[in-house]
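For reference, the structure is listed below as structure tokens.
The values are calculated or read from the model by the stated rules, or taken from the named source; none is laboratory data. None of these values were measured; they are calculated from a predicted model. Cβ sites come from the backbone with ideal geometry, for glycine too, and all protein chains shown count toward neighbours.
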Amino acid sequence: MEYKTTVKEVDDMWGELYQQGVDIIVRFFDKTILLLSFIFGIFLSQIGFPKEILLFICILTIIDLITKHLSIVVVNYGSLSLKNYKQGWIDQKLTSRQLKNGVCLKVILYSFALYIANQMLIIDGILFGKEVSGIIYSALVFVELASILENGINCGCSGLSPFLNYIKNKQKEIFNIKEDK
């Protein structure tokens, strides 16, 4: 007894294999997203999310990245315009690698600092934990503000210099830095 398969049966078999492959991929992505959201949730809870200071630091970081790009355009092309911004990408003065490296490095370093600040705040047994936590949060804010103001000065807004000097003085005050004369 010979069994002959028809074209329709072969098509049905390939269709079924294709559907099973799609189902496996969908289940894999569902489980991956579930795992990543679980890890991300743990990460956010460990750095103390949701706190207003965290949102403030995130917004300052985004503003810093934007102003950095704008200052690169102004420094390299003399003025800020859409044409010069586009030219910066063409000439590779602005690159996605540059943006990615800056963001990744800041996220990693700030994550450690935010974790320490949050733990100092919530663990009762640490002496002066709230004060140290406040210093860490303040330091991150002042670093971002100084960077934004420096980018603004590079863009040609020299009126920001007094604000930058004030922020730098506050940084020195926080870290008790003595100037060598």
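Here are some conditions: (1) over 27 Å from residue 143 (Cβ atoms); (2) surrounded by 14 or more Cβ atoms within 10 Å (Cβ to Cβ). Residue 78 meets all but one. Which one does it not meet?
Every condition holds for residue 78 apart from (2).
Could you figure out which of (1) within 30 Å of residue 123 (Cα to Cα); (2) polar (S, T, N, Q); (3) free of Cβ contacts under 8 Å to residues at least 40 places away in the same chain isn't true of residue 46?
Of (1) within 30 Å of residue 123 (Cα to Cα); (2) polar (S, T, N, Q); (3) free of Cβ contacts under 8 Å to residues at least 40 places away in the same chain, only one is false for residue 46: (3).
Touching a Phe, Trp or Tyr at 6+ places or on another chain (Cβ under 7 Å), among the aliphatic types (A, V, I, L, M) and modelled with pLDDT of 90 or more - does that describe any residue in segment 79-95?
So far as segment 79-95 goes, no, none of its residues is touching a Phe, Trp or Tyr at 6+ places or on another chain (Cβ under 7 Å), among the aliphatic types (A, V, I, L, M) and modelled with pLDDT of 90 or more.
Restricting to helices (runs of 4 or more DSSP H) lying wholly in segment 68-181: which have 1 or more residues that are within 20 Å of residue 48 (Cα to Cα), assigned by TED's automatic domain parsing to the domain that holds residue 56 and in contact (Cβ under 8 Å) with a residue 24 or more places away in the chain? Talk me through it step by step, then tell me what you get.
Numbers: elements: 82-90, 96-122, 129-154, 161-175.
Hits in segment 68-181: 96-122, 129-154.
Is it the case that some residue within segment 109-125 is over 30 Å from residue 41 (Cβ atoms), modelled with pLDDT of 90 or more and either of a type in the set (Phe, Trp, Tyr) or out of contact with any Phe, Trp or Tyr (no Cβ under 6 Å at 6 or more places or on another chain) (or both)? Before you say what the answer is, go through the steps one by one.
So in segment 109-125, the residues over 30 Å from residue 41 (Cβ atoms) come out as none.
No; the residues of segment 109-125 include none that is over 30 Å from residue 41 (Cβ atoms), modelled with pLDDT of 90 or more and either of a type in the set (Phe, Trp, Tyr) or out of contact with any Phe, Trp or Tyr (no Cβ under 6 Å at 6 or more places or on another chain) (or both).
Given 45, 37, which one is among the small types (Gly, Ala, Ser), closer than 15 Å to residue 111 by Cα and either surrounded by 10 or more Cβ atoms within 10 Å (Cβ to Cβ) or not assigned by TED's automatic domain parsing to the domain that holds residue 140 (or both)? If you could, list the steps in order and put the result at the bottom.
On the way: 37 fails: closer than 15 Å to residue 111 by Cα.
Sole residue among the options that is among the small types (Gly, Ala, Ser), closer than 15 Å to residue 111 by Cα and either surrounded by 10 or more Cβ atoms within 10 Å (Cβ to Cβ) or not assigned by TED's automatic domain parsing to the domain that holds residue 140 (or both): 45.
For segment 1-54, what are the residues that are among the basic types (Lys, Arg), farther than 30 Å from residue 112 by Cβ and at pLDDT 90 or above? Break it down into steps so the answer makes sense when it comes.
Filtering segment 1-54 for residues among the basic types (Lys, Arg) gives 4, 8, 27, 31, 51.
Going one step further and asking which of them are farther than 30 Å from residue 112 by Cβ, we end up with 4, 8, 27.
Passing the criteria: only 27.
Quick one: would you say residue 42 is part of a helix (DSSP H, G or I), under 30 Å from residue 158 (Cα atoms) and aliphatic (A, V, I, L, M)? Full working, then the answer.
On the way: part of a helix (DSSP H, G or I): yes; under 30 Å from residue 158 (Cα atoms): no; aliphatic (A, V, I, L, M): yes.
Here the answer is no, as residue 42 does not meet what is asked.
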